[in-house]
Amino acid sequence: MSTAPSHSRPARPDHAQPWYRNAVGYQVYVRSFADTTGNGIGDVWGVLDHVEHIATLGVDFVWLNPVYPSPGLDHGYDVADYTTIADDMGGMEAFTALRDALHDHGIRLLMDIVPGHTSDQHAWFRDALTGPDAHHRDFYVWRDPAPDGGPPNNWESIFGGPAWTLDEASGQYFMHRFLPEQPDLNWRNPAVRTAMEQVLRQWFERGIDGFRVDVAQGMLADPDWADTADPTPDMTRDEANDLRFSGYMGRPETPELYRSWRAIADDYDALLLGEVYLSSPELVATYIEPGLLHRAFFLPLQHTDWDRDEVAAMIRPGVDVGHGQFAWPQSSHDDPRAGSRFGGGAVGARRALAFFHLIACLPGTPVMLAGDELGLDNGTVPRTDAEDPVTVRNADRDDGRDGSRTPMPWNDTPNFGFTSGTPWLPLGSNRGPGDTVEVQSREPDSPLHRMRRFLATRSTLAGMLATDEVTWLATDDEPTSTLLGLRRGDVVVVCNFGAATTVDLPGDGELVAASSDDAEVDGARLELGTDTTALVRMPG
Ligand code: GLC
């Protein structure tokens, strides 16, 4: 058993259920949240400054993107030291203050653990580079060149180019799923597992409430090092990527790695929320089997348009195999924001809110990215100002991630109150005062107020939250219908992806929440406006 941390944690209201059962998550991309030093980059003190905003929103946990020491080539996902907080992010002092402030508000804190690779500046890799006999050599993945002297196989890096870089001193290649400056750790080496377990314990002892696990489906590579096949034109983007990266992603032995992590996390009542970027919900579900991760993101959901059939094709199988343990992303720092995916501007914002009302009623864990509560779409970032290595290092790629990472607009002052300096990423020329927290706080019908009201109402829907059983509405199967709906416990939830329409309810109901003003219940009829989700409680 572990030693209990010495500071207080939020009280658990219901001891029969883990705290995360119905929790709503709020992702803070710290670099873009609030800068307190004037260097143009957000920091942990900046998160502390806005705890009140987070608390008013009604979310249950905050997930911080990486704030460890890092050269920053992948903006924190190149970790040089797992054991502390970067000085320029505020150091351990800011961490402790934030942890306590969140806990005082009953909000849990998740950090981001990046177990698959380190920075090339990490002491382990510096040591590994000293030669084949180095103590940490086997912490990384080394292979001899192919007979022609080139890389050991045809594997590509996700960020472009080969997944192998030659270490000229030793004549061997090291593997990297991402940048050459992010060498992959060798998870077949038990010493790597032990080292990372110590990292987990250290942070749990410091009172965090869980980890978001970066690239949880990565970790292991094909032990035969076989070339991968090329995708075929009939494949979806996600299927093609699954195949292209199958040499080092989603290996069937990977989920078992999390058995020891789970035992450690459960000692601390902590949540392990995996980023399991695979297209098949069945494969994602192998990571949340008993004794493995508590939750797994279902990320292909971030690749749908505003289209009933596309969303249904994600959500229905996801709910079926997820058993209440899938996490449903609204947006993230890796994909376009929901507002942009669904059309941008006011239309995108309205649809995004409707989408959030839907996913927050599914069994599992809804997670929004800071700024989603304002209905933001992507900030416009000209290519010349790009910061994401996906854009900067690949002239031919247009899937850079800067647009969802532009600074949070707080108020109608220069730089929207994000920084007194020069923001590290443009604010987005499409942003205006109406996008800010300050202005939206004054307007009762703003996305911000609607989100607050919705989360407050959701938390009272005990009859819905108590069950993970879902039945889908008959209209879901009608090819011409624009409706996607479900019944969970005593609540019927219907999202209308098309023009205003009428829905027949299973009986007389009571409208308890809606994402727009265009929803009305009259007995057993629901009048549902365009691009709107309504929640109707069915008595008895
Ligand atoms: C994850 C992160 C992404 C990062 C990558 C490499 O997918 O979400 O931002 O670039 O891992 O660590």
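The values are calculated or read from the model by the stated rules, or taken from the named source; none is laboratory data. Everything quoted here is computed from the prediction, not taken from an experiment. Cβ coordinates were reconstructed from backbone atoms using ideal geometry, including for glycine residues, and neighbour counts include every protein chain displayed. What goes into the accessible areas is simple: the full protein's heavy atoms, side chains included, and nothing from ligands, DNA or RNA. Shrake-Rupley method; radii C 1.70, N 1.55, O 1.52, S 1.80 Å.
If the requirement is being of a type in the set (A, V, I, L, M, F, W, C), at pLDDT 95 or above and open to solvent by less than 20 Å² (accessible area, probe 1.4 Å), which of these qualifies: Leu427, Leu455, Leu473?
So the residue among Leu427, Leu455, Leu473 that is of a type in the set (A, V, I, L, M, F, W, C), at pLDDT 95 or above and open to solvent by less than 20 Å² (accessible area, probe 1.4 Å) is Leu455.
Could you go through the range 515-533 and let me know if any residue there is within 28 Å of the chain's Cα centre (by Cα), under 24 Å from Glu310 (Cα atoms) and of a type in the set (A, V, I, L, M).
No, the range 515-533 contains no residue that is within 28 Å of the chain's Cα centre (by Cα), under 24 Å from Glu310 (Cα atoms) and of a type in the set (A, V, I, L, M).
Any chance you could count how many residues in the range 277-293 are touching a helix residue (DSSP H, G or I) at 6+ places or on another chain (Cβ under 7 Å) and either assigned to a helix (DSSP H, G or I) or touching a residue at least 40 places away in the same chain (Cβ under 8 Å) (or both)?
Selection size over the range 277-293: 9.
Pairs please, first residue from the range 136-155 and over 26 Å from His122 (Cα atoms) and small (Gly, Ala, Ser), second anywhere and open to solvent by 30 Å² or more (accessible area, probe 1.4 Å) and not in a helix (DSSP H, G or I), Cβ atoms under 8 Å, 6+ apart in sequence or on different chains.
Taking only residues 6 or more apart or on different chains, the pairs are Ala146/Pro152.
May I ask you to list pairs of residues, at least six apart or on different chains, whose Cβ atoms are under 8 Å apart, with the first in the range 1-30 being part of a loop (DSSP other than H, G, I, E, B) and the second being open to solvent by less than 40 Å² (accessible area, probe 1.4 Å) and at pLDDT below 95?
Sorted first by the residue in the range 1-30, then by its partner, the pairs are Trp19/Pro10.
If you check Gly339 against the conditions, is it within 20 Å of Met451 (Cα to Cα) and surrounded by fewer than 24 Cβ atoms within 10 Å (Cβ to Cβ)?
No.
Just checking, which of Asp445, Asp468, Asp396 is among the acidic types (Asp, Glu) and either surrounded by 15 or more Cβ atoms within 10 Å (Cβ to Cβ) or within 16 Å of the ligand (Cβ to nearest atom) (or both)?
Testing whether each residue is among the acidic types (Asp, Glu) and either surrounded by 15 or more Cβ atoms within 10 Å (Cβ to Cβ) or within 16 Å of the ligand (Cβ to nearest atom) (or both) leaves just Asp468.
If a residue has to be open to solvent by less than 50 Å² (accessible area, probe 1.4 Å), assigned to a loop (DSSP other than H, G, I, E, B) and more than 20 Å from Asp78 (Cα to Cα) to count, how many in the range 152-174 make the cut?
Going through the range 152-174 one residue at a time, the tally reaches 5.
Quick check on this structure: which one of Glu310, Glu275 is more than 16 Å from the ligand (Cβ to nearest atom) and either of a type outside the set (Gly, Ala, Ser) or open to solvent by 20 Å² or more (accessible area, probe 1.4 Å) (or both)?
Glu310
Name every residue in the range 361-418 that is acidic (Asp, Glu) and part of a loop (DSSP other than H, G, I, E, B), in order of residue number.
Those that are acidic (Asp, Glu) and part of a loop (DSSP other than H, G, I, E, B): Asp377, Glu387, Asp388, Asp396, Asp398, Asp399, Asp412.
Quick grid of which residues meet (1) within 32 Å of the chain's Cα centre (by Cα); (2) open to solvent by 40 Å² or more (accessible area, probe 1.4 Å); (3) under 23 Å from Asn186 (Cβ atoms):
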site: Leu102; (1), (2), (3): yes, no, no
site: Val114; (1), (2), (3): yes, no, yes
site: Ser119; (1), (2), (3): yes, no, yes
site: Phe125; (1), (2), (3): yes, no, yes
site: Ala128; (1), (2), (3): yes, no, yes
site: His136; (1), (2), (3): yes, no, yes
site: Gly150; (1), (2), (3): no, no, yes
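Quick one: how many residues across the range 53-99 are more than 24 Å from Thr365 (Cβ to Cβ), charged (D, E, K, R) and open to solvent by 20 Å² or more (accessible area, probe 1.4 Å)?
Residues meeting the conditions: 4.
Of all residues in the range 28-85, how many are aliphatic (A, V, I, L, M), over 21 Å from Gly371 (Cβ atoms) and within 16 Å of the ligand (Cβ to nearest atom)?
Matching residues across the range 28-85 total 3.
Assuming Ser279 fulfils every condition listed in (1) in contact with a Phe, Trp or Tyr (Cβ under 8 Å, 6 or more places away or on another chain); (2) modelled with pLDDT under 95 apart from one, which condition is it?
In the conditions (1) in contact with a Phe, Trp or Tyr (Cβ under 8 Å, 6 or more places away or on another chain); (2) modelled with pLDDT under 95, Ser279 misses (1) alone.
Assuming Arg108 fulfils every condition listed in (1) surrounded by fewer than 16 Cβ atoms within 10 Å (Cβ to Cβ); (2) more than 13 Å from the ligand (Cβ to nearest atom) apart from one, which condition is it?
(1)
Please verify whether the range 90-103 includes one or more residues that are more than 21 Å from Met451 (Cβ to Cβ), modelled with pLDDT of 95 or more, in a loop (DSSP other than H, G, I, E, B) and within 16 Å of the ligand (Cβ to nearest atom).
No - not one qualifying residue is present in the range 90-103.
Take Gly274 and tell me if it is closer than 21 Å to Gly160 by Cβ, of a type in the set (Gly, Ala, Ser) and touching a residue at least 24 places away in the same chain (Cβ under 8 Å).
No; evaluated as a whole, the condition is false for this residue.
Looking at Ser246, is it within 22 Å of Trp203 (Cβ to Cβ), open to solvent by 30 Å² or more (accessible area, probe 1.4 Å) and among the polar types (S, T, N, Q)?
no
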